[in-house]
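Take a look at the structure set out below.
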Amino acid sequence: MTRAMAVPETLTIHVPFRIVKRGGRKEMQLPDRFRPERTLDSALIKALARAFRWKRMLESGEFTTIAELAAREGIALSYLTRLLRLTLLAPELVSTILDGRQGPDVTLARLMEPLPAEWSDQRAALDHRRVCS
């Protein structure tokens, strides 16, 4: 008969991570060497979808003014105009976001700030090397 080894009652595991706010929610962020290849930011993707939908509604003539659209959607005019700026992002940046390959600094709050109109200047402003990590 063999004697079984005692199993400890407590097991401690150390996982290096930090908590960051992203898209209005808290998220665990792992060190670079443990980072998954894709991290979808659902708040950012939803904002892009809404912005492009609103742009289509305005271009089709369904709504004649941004104020009319904001009233119909029940949101503040200033919020709608800030989200509509997302439709001016470089197509490469939009694809990067939809693929979940954007860097940790590319958040909805950051993209709602004024960005340059030129796509190359946008990439520079967002430090493109970190945007498409």
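Structure values in brief
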| item | result |
| --- | --- |
| Number of the exception - ALA124 against (1) among the aliphatic types (A, V, I, L, M); (2) surrounded by 15 or more Cβ atoms within 10 Å (Cβ to Cβ); (3) part of a helix (DSSP H, G or I) | (2) |
| Residues of region 72-89 satisfying the condition of being in a helix (DSSP H, G or I) and not β-branched (Val, Ile, Thr) | ARG72, GLU73, LEU77, SER78, TYR79, LEU80, ARG82, LEU83, LEU84, ARG85, LEU86, LEU88 |
| Matching residues, region 104-121, being open to solvent by less than 60 Å² (accessible area, probe 1.4 Å), hydrophobic (A, V, I, L, M, F, W, C) and within 9 Å of the chain's Cα centre (by Cα) | VAL106, LEU108, LEU111 |
| Region 90-103 - residue that is in contact with a helix residue (DSSP H, G or I) (Cβ under 8 Å, 6 or more places away or on another chain) and assigned to a loop (DSSP other than H, G, I, E, B) and, of those, surrounded by the fewest Cβ atoms within 10 Å (Cβ to Cβ) | GLY103 |
| Condition met for ARG85 (within 13 Å of the chain's Cα centre (by Cα), closer than 24 Å to ASP127 by Cα, of a type outside the set (S, T, N, Q) and open to solvent by 60 Å² or more (accessible area, probe 1.4 Å)) | no |
| Any hit, region 51-63, residues being closer than 18 Å to VAL106 by Cβ, at pLDDT 95 or above, part of a helix (DSSP H, G or I) and open to solvent by 50 Å² or more (accessible area, probe 1.4 Å) | yes |
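Residue by residue, here is whether (1) modelled with pLDDT under 90; (2) under 28 Å from ARG110 (Cα atoms); (3) among the hydroxyl-bearing types (Ser, Thr, Tyr); (4) open to solvent by 70 Å² or more (accessible area, probe 1.4 Å) holds:
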{"residue": "ARG3", "(1), (2), (3), (4)": "yes, no, no, yes"}
{"residue": "ALA6", "(1), (2), (3), (4)": "yes, no, no, yes"}
{"residue": "ARG18", "(1), (2), (3), (4)": "yes, yes, no, yes"}
{"residue": "LYS26", "(1), (2), (3), (4)": "yes, yes, no, yes"}
{"residue": "GLN29", "(1), (2), (3), (4)": "yes, yes, no, no"}
{"residue": "ASP32", "(1), (2), (3), (4)": "yes, yes, no, yes"}
{"residue": "ARG35", "(1), (2), (3), (4)": "yes, yes, no, yes"}
{"residue": "LEU44", "(1), (2), (3), (4)": "no, yes, no, no"}
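The values are calculated or read from the model by the stated rules, or taken from the named source; none is laboratory data. This one's a predicted model, so the numbers in the text were calculated from it and none came from an experiment. FYI the Cβ positions are ideal-geometry reconstructions off the backbone, even for glycines, and counts take in every protein chain you see. These area figures cover heavy atoms from the full protein model, side chains too; ligands, DNA and RNA do not enter into them. Shrake-Rupley method; radii C 1.70, N 1.55, O 1.52, S 1.80 Å.
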